[in-house]
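Okay, structure first, notes after.
Nothing in this text is a laboratory measurement; each read-out follows from the coordinates by a stated rule. Note that the structure is a prediction, hence the values are computed from the model and not measured. No Cβ is skipped: glycine too gets one built from the backbone with ideal geometry, and neighbour counts run over all protein chains shown.
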Amino acid sequence: MFTPDDILYEDNHLLVVNKHGGDLVQPDPSGESALEDQIKAFIKVRDGKPGAVFLGVVHRIDRPVSGAVLFAKTSKALTRLNEMLREGRIRKVYWALTESTPDPEQGELRHYILRDGRTNRSRACDAPKGDAKEARLRYETRGRGKNYTLVEVELLTGRHHQIRAQLSKIGCPIRGDLKYGARRSQPGGGISLHSRRVEFDHPVRHERISVTAPVPAGDNLWAAFENL
């Protein structure tokens, strides 16, 4: 559930929020409360807005994933940010705690993502297949513990469950991600994938913006890796 303390950056044009694992970014058929609506309700009260609050979702992260999510507060900002996203000009960096260490420890992954809507799961294939879409990411091993490895990922494309599917494909499932091969679940059903940083040119002022999201509070493993 959103609180004002989750706001990482805000001005008249945009907002970056640190999403909690398990929260929805946008409403879905479940009818559960979503971050988008919670933020709108907060802004309406805080700013005393008499009418509807405009809030555009620029990019989404999966429900069990935590971290930085970018929203636009005006239609002009939304249009410009969406264009940046399409052109690959918004840099999205994630942290993942994986059950194995990638080999090699850094590099670029290129697969073809085949999505199964019935199971809400994606498969990373080595070669084009059916309507699979190309998926690319860069990764770098940032630290190792007894049972888990911290891997930093920069998304170069934005496919369904891309990081989860590609890391699983190379034998490095993400902690807690049963859907993609993890050994065990985590309390609350979250997974250790975190939208660590978003970087982009401000849609109005054109200065470079970089926003970093602290790792989930109360998780000793995350805290240990963040303090490496």
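Quick notes on this one:
- In a DSSP loop and with at most 13 other Cβ atoms within 10 Å, the trypsin sites (Lys or Arg not before Pro) in segment 56-125 are Arg89, Arg118.
- Inter-part distance where segment 1-27 and segment 106-154 are each reduced to a Cα centre, Å: 26
- Taking Cα atoms only, the orientation of helix 35-46 departs from the longest principal axis of the chain by about 30 degrees.
- In a DSSP loop and with at most 12 other Cβ atoms within 10 Å, the GluC sites (Glu not before Pro) in segment 44-146 are Glu87.
- Residues whose amide H lies under 5 Å from that of Leu156, counting only those 5 or more places away or on a different chain, are Arg136, Leu137, Arg138; hydrogens are built 1.01 Å from N in the peptide plane.
- Vicinal HN-Hα couplings computed from phi for segment 135-151 (Karplus, 6.51 cos²θ - 1.76 cosθ + 1.60; Hz; Gly/Pro x): 10, 10, 8, 9, 9, 8, 6, 9, x, 9, x, 5, 10, 9, 10, 8, 10
- Each of Ser168, Ser33 was scored by other Cβ atoms within 10 Å of its Cβ. Arranged with the fewest first, they read Ser33, Ser168.
- Pair Thr74, Asp28: separation of 7 Å Cα→Cβ label points (nm): 3.3
- Under the convention that each Lys and Arg Cβ holds +1 and each Asp and Glu Cβ holds -1, the size of the dipole of the chain around its Cα centre is about 460 debye.
- Coil-residue trypsin sites (Lys or Arg not before Pro) of segment 185-228, DSSP, other Cβ within 10 Å capped at 16: Arg205
- The angle separating the long axis of helix 75-86 from the principal Cα axis of greatest extent in the chain is about 20 degrees.
- Note on Ala127 and His202: the model spin-label points, each 7 Å out from Cα along the C-beta direction, lie 5.0 nm apart.
- Nonlocal amide H pairs with His202, under 5 Å, H built at 1.01 Å: Glu207, Arg208, Ile209
- Neighbour counts of other Cβ atoms within 10 Å put Cys172, Cys125 in the fewest-to-most order Cys125, Cys172.
- Cross-link partners for Lys19 among the lysines, with Cα-Cα distance under 29 Å and sequence neighbours closer than 8 places in the same chain left out: Lys40, Lys44, Lys49, Lys73, Lys76, Lys92, Lys133, Lys146, Lys169, Lys179.
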